[in-house]
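Just so you know, all these numbers are worked out from the coordinates, no wet-lab data involved. All of these numbers come straight from a predicted model, not from anything done at the bench. So basically every Cβ, Gly included, is an ideal-geometry build from the backbone, and we count neighbours across all protein chains shown.
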Amino acid sequence: QVQLVQSGGGLVQPGGSLRLSCAAPGNIVSSYTMGWYRQAPGKQRELVALITRGGTTSYADSVKGRFTISRDNAKNTLYLQMNSLKPEDTAVYYCKLANGMTDYWGQGTQVTVSS
């Protein structure tokens, strides 16, 4: 069982920034594809950003140029830096690790963008 522990998030004004963190046990952050997803009220969970084992990143069109996914292998932590936030970015954000057999999810963290 892999436990992913998220931190960060909160309330921010439009145009502001937030950073989400996702801590994983051991040294698995660099061993598997990890990603950030989000789910807004009344909507399906959607992919926001991915980082592969090799470090290749990809983003949803809606966040390209504003969000950056990264990882710190020494700290076993995945990050999502979110800049130029918009009200439509409001959602519960989840990190996910996929090891090819099972998907492991973080507990979720609320991000609210509002003036």
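Values computed for the structure shown
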| read-out | value |
| --- | --- |
| Residue that is more than 25 Å from Gln1 (Cα to Cα) and assigned to a loop (DSSP other than H, G, I, E, B), where the choices are Gly65, Gly100, Gly55 | Gly65 |
| Gln110 vs. criteria part of a strand (DSSP E or B) and loosely packed, with under 13 Cβ neighbours inside 10 Å | yes |
| Segment 64-102, subset buried (at least 20 other Cβ atoms within 10 Å of the Cβ) and among the charged types (D, E, K, R), residue nearest to Gly54 (Cα to Cα) | Lys96 |
| Residue among Gly35, Gly10, Gly16 that alone is on the phi > 0 side of the Ramachandran plot, of a type in the set (Gly, Ala, Ser) and in contact with a strand residue (DSSP E or B) (Cβ under 9 Å, 6 or more places away or on another chain) | Gly10 |
| Looking only at segment 28-52, and only at residues there that are of a type in the set (Phe, Trp, Tyr) and part of a strand (DSSP E or B), the one that is surrounded by the fewest Cβ atoms within 10 Å (Cβ to Cβ) | Tyr37 |
| Qualifying positions in segment 10-27 - surrounded by fewer than 17 Cβ atoms within 10 Å (Cβ to Cβ) and either touching a His at 6+ places or on another chain (Cβ under 9 Å) or part of a loop (DSSP other than H, G, I, E, B) (or both) | Gln13, Pro14, Gly15, Gly16, Ser17, Pro25, Gly26, Asn27 |
